[in-house]
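Structure, as structure tokens:
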């Protein structure tokens, strides 16, 4: 009987490690809640891009020199854990509990500010932490940043427009 209890405990504890990985790597993750992006076939796109609600256009890239997965954002995003699958997705939940997995959180290593809407007083600010916290860089005009400075790569977690 003691031997069976040990086996059951071992199986349950191994499932606790495997199940979250399966949820994140599942082939069919669907959008759930705010922060969702749409896969276009070559990049992830904010639903506000190309609409009157577009505040700016920023293209974030997973690797330096504009390589790897691309995310196009056109409105403020307070938490990159929500993207691309949405706040209520399994990937978003795991990210908010410390496992970035397949989300956008902490992955961008280069970016392009394509446009900033709203006039000369408006700017785009990209933050190190969620909810616009931590260190930030601000851009008023279009710019290309092939490698993140002052941070090491993979440190961005939120973005917003300020006017």
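Each value in this text was obtained by applying a stated rule to the coordinates, not by laboratory testing. Because the structure is a prediction, the values reported are computed rather than measured. Note that we place each Cβ from the backbone using ideal geometry, even for glycine, and neighbour counts take in every protein chain shown.
Odds and ends about this structure:
- Debye log10 I(q)/I(0) for segment 34-162, one point scatterer per Cα, at q = 0.15 Å⁻¹: -0.62
- Packing, taken as the mean count of other beta carbons within 10 Å per residue, orders the peptides 156-162, 37-43 from highest to lowest as 156-162, 37-43.
- Sorted by Cβ density within 10 Å, fewest first, the residues 52, 146: 52, 146
- Per residue Cα convex hull volume in Å³ - calculated over segment 45-85: 77 Å³
- Square roots of 5 times each gyration tensor eigenvalue, C-alpha, segment 72-133, largest first, Å: 24, 11, 11
- For the peptides 67-73, 84-90, the ranking by packing is 84-90, 67-73, with the highest mean count of neighbouring Cβ atoms within 10 Å listed first.
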